[in-house]
Amino acid sequence: MNDYQEHASSELTFSDIHIANELFGVHNSNLKRIAEATGVSISARGNTIFIKGDTISSDLAQNILNQLYGLIRDGYPVFAKDVEYATNVLSQDSSVNLKTIFFDTVYVTSKKRTITPKNPNQKEYIDAIRNFDIVFGIGPAGTGKTYLAMAMAVAALAQKKVSRIILTRPAVEAGEALGFLPGDLAEKVNPYLRPLYDALHDMMSFEKAAGLMQQDAIEVAPLAFMRGRTLNDSFIILDEAQNSTTEQMKMFLTRIGFNSRAVITGDITQSDLPSNRPSGLIEAKELLCDIDGIKFVFFTKHDVVRHKLVQKIVNAYEMRENRRNKSSVS
């Protein structure tokens, strides 16, 4: 890198100072986030910002700022997390148009919070759920697989596209056998289903969710409870599918009836099954990938939308797994 690139500088002026101030954030907090993430220096004077850094980083910072300004101008409220998402997305692919992602409303929660995809893979996932009857979302924790599927399910129920939502998970005995847990069967399996309840209650009030459950419009049950049923006019989510066996996955997929769609989510690196039991999710990926009407969407560590440390944690485990694989081959 030459000296000119090291000390390149540019100016960017925004026409609306009020939108510019919203973009900059309180005490220029958003500008500081972008500067830290891109490795440039950013300062502001009025509605003009001054960027110093190498050409590539400076161009990236300008792209982020211009696109975020456009989002705010068109009515999208940009928060600190959105700045992080935008920076992450455009750092990987500068040609992405953030509006096509951030303005794709999936559902508006009872607290008036708008749920939208936050990166291209999430957008692909949402579009797949709209267009395919069976969708597999595979990738690490924190990529929004279950949460977005839940939002799509609640939206489909609200729009009367389906008459019920069915949420299910395998109840894998990891460490403690179910028989030794206190309570009746429902109480024994409830801890396994808790994350599904949490996501559901983030979409709608507890009272509304409870009412829909009483009407059987929403059902939350262990995967084993799906055996022998035909699920018509339903939006079905199978979560943590890496913990399903071959038999369970086949059973689940053959339950799907008329006017139903299913979303299967999981992380193939996180199976809790015994080492001698193959994961039904891994086998489904190998067997069904070429079937028309079934869509697989794969997420990576770059799609993590939780706390920024989650992405670093996923990366650390991934690097260790890669080292193990290399040592086992050599």
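The values are calculated or read from the model by the stated rules, or taken from the named source; none is laboratory data. Being a predicted model, the structure only gives us computed values, none of them experimental. Heads up, the Cβs are rebuilt from the backbone with ideal geometry, glycines too, and the neighbour counts pull from every protein chain shown. Remember, those area values only see protein heavy atoms, side chains included, never the ligands or the DNA or RNA. Shrake-Rupley method; radii C 1.70, N 1.55, O 1.52, S 1.80 Å.
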| Just one of (i) 35; (ii) 28; (iii) 24 is percent of Cα pairs over 39 Å apart as worked out from the coordinates here. Which one is it? | (iii)
| Share of Cα-Cα pairs in the stretch 51-130 beyond 17 Å, in percent? | 47 percent
| message | At 1.4 Å probe size, with the rest of the protein present, what percent of the exposed accessible area of the chain is carbon and sulfur atoms? | response | 52 percent
| query | To the nearest 500 deg cm²/dmol, what mean residue ellipticity at 222 nm is calculated for the chain from DSSP H runs of n ≥ 4 alone, each contributing -39,500 (n - 2.57), summed and divided by the residues? | reply | -14000 deg cm²/dmol
| message | Compute a Gaussian network model of the chain, connecting alpha carbons closer than 10 Å, and tell me which residue from 248, 159, 122 fluctuates the most. | response | 159
| field | Vicinal HN-Hα couplings computed from phi for the stretch 51-64 (Karplus, 6.51 cos²θ - 1.76 cosθ + 1.60; Hz; Gly/Pro x) | value | 10, 10, x, 5, 4, 5, 5, 5, 5, 5, 4, 5, 4, 4
| query | Count the lysine pairs in the stretch 226-330 that are 8 or more places apart or on different chains: how many have C-alpha atoms under 28 angstrom apart? | reply | 10
| query | Once amide H atoms are placed 1.01 Å from N in the peptide plane, what residues at a sequence separation of 5 or more from residue 107, or on another chain, have their amide H within under 5 Å of its amide H? | reply | 115
| message | Can you give me the solvent accessible area of residue 301 with a 1.4 Å probe, rounded to the nearest 10 Å²? | response | 40 Å²
| Whole-Hz ³J(HN,Hα) from phi, Karplus 6.51 cos²θ - 1.76 cosθ + 1.60, for the stretch 210-219, glycine and proline x | 4, x, 5, 5, 4, 7, 6, 7, 10, 10
| message | Just to be sure I understand: if I project the alpha-carbon convex hull of the stretch 189-262 onto a plane and average over all orientations, what area do I get in nm²? | response | 5.2 nm²
| field | Of all DSSP beta bridges in the chain, antiparallel share, percent nearest 5 | value | 30 percent
| said: Just to be sure I understand: with springs between alpha-carbon atoms less than 10 Å apart, which residue in 232, 47, 119 has the highest mean-square fluctuation in the Gaussian network model of the chain? | reply: 47
| query | From largest to smallest, what semi-axes in whole angstrom does the stretch 229-304 give when each is the square root of 5 times an eigenvalue of its alpha carbon gyration tensor? | reply | 21, 16, 12
| Mind checking which of 51, 64, 17 has the largest fluctuation in a GNM of the chain, springs on alpha carbons under 10 Å? | 17
| request: Return a whole-number percent for the relative contact order of the chain, with Cα pairs under 8 Å and 6 or more residues apart as the contact set. | output: 17 percent
| note | In the chain, taking the dipole from +1 charges on Lys and Arg beta carbons and -1 charges on Asp and Glu beta carbons about the Cα centre, the listed residue (325, 25, 228) farthest towards the positive end is 228
| What residues qualify as long-range amide H neighbours of residue 260, i.e. H under 5 Å apart, gap of 5 or more or another chain, H built at 1.01 Å from N? | 233, 234
| Given H placed on each backbone N at 1.01 Å, which residues far from residue 218 in sequence or on other chains put an amide H within less than 5 Å of it? | 165, 213
| field | Estimated vicinal HN-Hα couplings, Hz - the stretch 84-90 in sequence order (Karplus 6.51, -1.76, 1.60; Gly, Pro = x) | value | 5, 4, 4, 5, 4, 5, 6
